[in-house]
Each structure stands twice: as C-alpha cells, then as structure tokens.
C-alpha cells in the first residue's frame, strides 16, 4: 500500500508537489544511453518530436516499428515505456523497460524510470534497488539521486538517506535548485531533532 511520511504532508506549501513533478519528469531519450540526438535515425527523431508535442499514439506506432528494425537498441523501448506510463498502461511500461534492460543492462536511465514505476506501484524495496543500480551505472545521473531522495524520505521514512541523495543531486546540478534546497533544510531539521532525541 502506498504511504507517505506524515512529517512531509505539510512540507512547505507547494514544494512537495513541485519537486515530485521534477523528480518524475520524463523526457524523450536518445537512441542509446550514450548517443546524442544528432546520432538518431530520422524516424526516431520524428518519434521524439511527436512525443515532445504530445502526439503519443503516433510516436508509439513509429517506436514499435523501430523496435523491429533495430532489434538491439534500448532507446525505443525506454521511450515506449514513457508513453505507456503516461497512458497509465503500467504493465506495458514495465515490460518495455525490462526489454530495454535486456538490451542495455547498464542503462541508468532505464533503471531510473523503472524505479519511478515501481514506486508508483507501491513496490518500494524494488524501487530502491532500481535507483541503486541507476546510480551504480551512472554516478553522475542527477535525476536518479532526486528520485532516490523522494523515495527514501516520503516512502521509506529514511530522512538521513534522503538528505545524502538530495545533497548529491544539488552537487551534480551545478546551479542550486532552490526547491530542493528548501527540502534539504527541512530534512536537516528533522535529522537534527531525531539525533537529539536519541542522544543521552
């Protein structure tokens, strides 16, 4: 069952919602985890443009065709999972990500999206494992730390871990995210209170 830490229900008006939207945001991805958009086949670029403009059914049609033409590429499967997730076709979204990970077992992006799906489904331990793999395979992938922080604080009730993940997210961002900074301040207060309560 999905639960959110009671300490966070009143977390700074608007902050929780805005960070959750950032943490769960999904953008069309490149052909592979290491490619740039300039490396993408023309049909793939068309699918990404359709996703950008909200034409998800048309993008899905192209991506499905590409999975058959380029059988070793994980990118189309990851983008299909984004489309399925937005349409709340969660079983298909998870299956698409699992297929992407068969093709690219070190895809931090795929593991991050899998973590989001698992968290939404209430499978918090598995989401924890997915985010851990995302970070292991790409220690500089900032969104994985942001999502990991959300999971740790709101669902696992582990503010100490969340604090570490949010701080790392800020380091990787270069320019400080003020919304996350406010969450960090709130976490620091809670961790300090917890430490004071257990100190002799």
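Each residue in 133, 194, 126 was given a count of other beta-carbon atoms within 10 angstrom of its own, and listing them fewest first yields 194, 126, 133. Taking one quarter of the surface of the C-alpha convex hull of the stretch 99-200 gives a mean projected area of 7.1 nm².
Could you line up 180, 109 from fewest to most neighbouring Cβ atoms inside 10 Å?
In order of increasing Cβ crowding within 10 Å: 180, 109.
Taking 0.36 nm per residue of separation and subtracting the Cα-Cα distance, full extension of the segment from residue 192 to residue 46 would add 47.5 nm. Kirkwood-type hydrodynamic radius, the stretch 57-125: 11.9 Å, calculated from all non-identical alpha-carbon pairs.
Just so you know, all these numbers are worked out from the coordinates, no wet-lab data involved. Since we're looking at a predicted model, the values are computed, not measured. Ideal geometry is used to build each Cβ from the backbone, glycine not excepted, and the neighbour counts take in all protein chains shown.
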